[in-house]
Amino acid sequence: MVEASDLREAVRAQRVGNLVVLAVDASGSMGAERRMEAVKGAVIGLLLDAYQRRDRVALVTFRGDGAEVALRPTGSVEVARARLEQLPTGGRTPLAAGLRAALEVAVAASSGPHQPLLVVVSDGRATAAPDGTDPVEAAIHAATAVRRQGVASVVVDAETGPTRLGLARTIAEAMGARYLTLPELTATTLVSAVRRAAVG
């Protein structure tokens, strides 16, 4: 006699990959050149094992008066290297624009096979916003939108120097994000932080 409980079916468990959306402050406020070199190295480092992990990486930079999607979601090291060769830096810090642009990329991926993780690298010192809005208030408002969308997020505080305003922590709290400080912002430390926060 064969009972229903005797029947077995092979179930293939599909691993969920991550889409890591790096939103990086490329303004002139905090060692932009060194920071961007660390970020470029981190993007390549994350992509080197993207095939096995089924991950994708995207990069949003913000400077001057707006934000730019510098790298659309990709799993290709070659594509990333070509797009990251030259990234402009300097100018003011439109943090709100950067958060909004990164959230758009993350939300667009949420209906697909990748779990988005938004990683913000900034000192939080917003200095530009549209329509005469207070830049910090605009950034906090944009950060709360990330929380409302339920997108997992991390804020890496890149503030340096003897005077610390702690604005990156305020942004992290508004986002509902994990708040991290790194002893040194390098490609290696950033990759390690992202991998610890990523799903799977």
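Each reported figure results from applying straightforward, stated rules to the coordinates on display, with no laboratory input. All values reported here derive from a predicted model rather than from experimental measurement. FYI the Cβ positions are ideal-geometry reconstructions off the backbone, even for glycines, and counts take in every protein chain you see.
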Next on the checklist: With angles folded into 0 to 90 degrees, how steeply does helix 32-48 sit against the dominant principal axis of the chain? Use alpha carbons for both and round to 10.
Outcome noted: 10 degrees
Next on the checklist: For Cα pairs less than 8 Å apart in space and 6+ apart in sequence, what is the mean separation divided by the residue count of segment 16-197, i.e. the relative contact order in percent?
Outcome noted: 25 percent
Item to check | For segment 124-200, the spread of Cα positions along each principal axis, largest first, Å | outcome: 39, 35, 17
Item to check | Whole-Å distance, taken between Cα centres, linking segment 96-171 and segment 38-94 | outcome: 16 Å
Item to check | For GLN115, residues with placed amide H under 5 Å, excluding near neighbours | outcome: GLY17, ASN18, LEU19
Item to check | Fluctuation leader among GLY132, GLY75, GLY64 - the chain, Gaussian network, Cα springs under 10 angstrom | outcome: GLY132
Next on the checklist: If I stretch the segment between ARG81 and THR189 completely, what's the gain in nm (0.36 nm per residue apart, minus their alpha carbon distance), one decimal?
Outcome noted: 36.9 nm
Checklist entry - Calculated from the structure, semi-axes √(5λ) of the Cα gyration tensor in Å equals which of (i) 25, 21, 16; (ii) 33, 19, 15; (iii) 27, 20, 17? => result (ii)
Item to check | Charge dipole (the chain, unit charges on Cβ, about Cα centre) - positive-most of ILE44, VAL60, ALA158 | outcome: ILE44
Checklist entry - Restricting to the chain, what percent of DSSP beta bridges are antiparallel, rounded to 5? => result 20 percent
Checklist entry - Angle between the Cα long axis of helix 187-197 and the longest principal axis of the chain, 0 to 90 degrees, nearest 10? => result 50 degrees
Checklist entry - Under 5 Å between amide H atoms, partner at least 5 residues away or on a different chain: which partners does VAL60 have, H built in plane at 1.01 Å? => result LEU22, ALA23, VAL24, ALA70
